[in-house]
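Report on the structure given below.
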Amino acid sequence: QGLPVRDGLIQEWDNGREALVRDGIEGAGRFRDGLGRHGDFGKIR
């Protein structure tokens, strides 16, 4: 059955927070600098 929606969303946030900090912030910075825009992924490591 699963959790109520509110509890499920809280759990998803808690479980995903580390990945957001580790990967998301860095990736957003690369995108800001122009990497990956318009399908150009050649310079992304």
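Bear in mind these aren't lab numbers, they're just calculated from the coordinates by the rules spelled out. Worth saying up front: this structure is predicted, and the values here are computed from it rather than measured. Heads up, the Cβs are rebuilt from the backbone with ideal geometry, glycines too, and the neighbour counts pull from every protein chain shown.
Dipole of the chain (Lys/Arg Cβ +1, Asp/Glu Cβ -1, origin at the Cα centre): which of Ala28, Val5, Asn15 lies farthest to the positive side? Of the options given, the answer is Ala28. Full extension of the chain between Phe41 and Val21 gives 5.0 nm of extra length, using 0.36 nm per residue less the Cα-Cα distance. Applying both filters, DSSP loop and at most 15 other Cβ atoms within 10 Å, to the chymotrypsin sites (Phe, Trp or Tyr not before Pro) of the chain gives Phe41.
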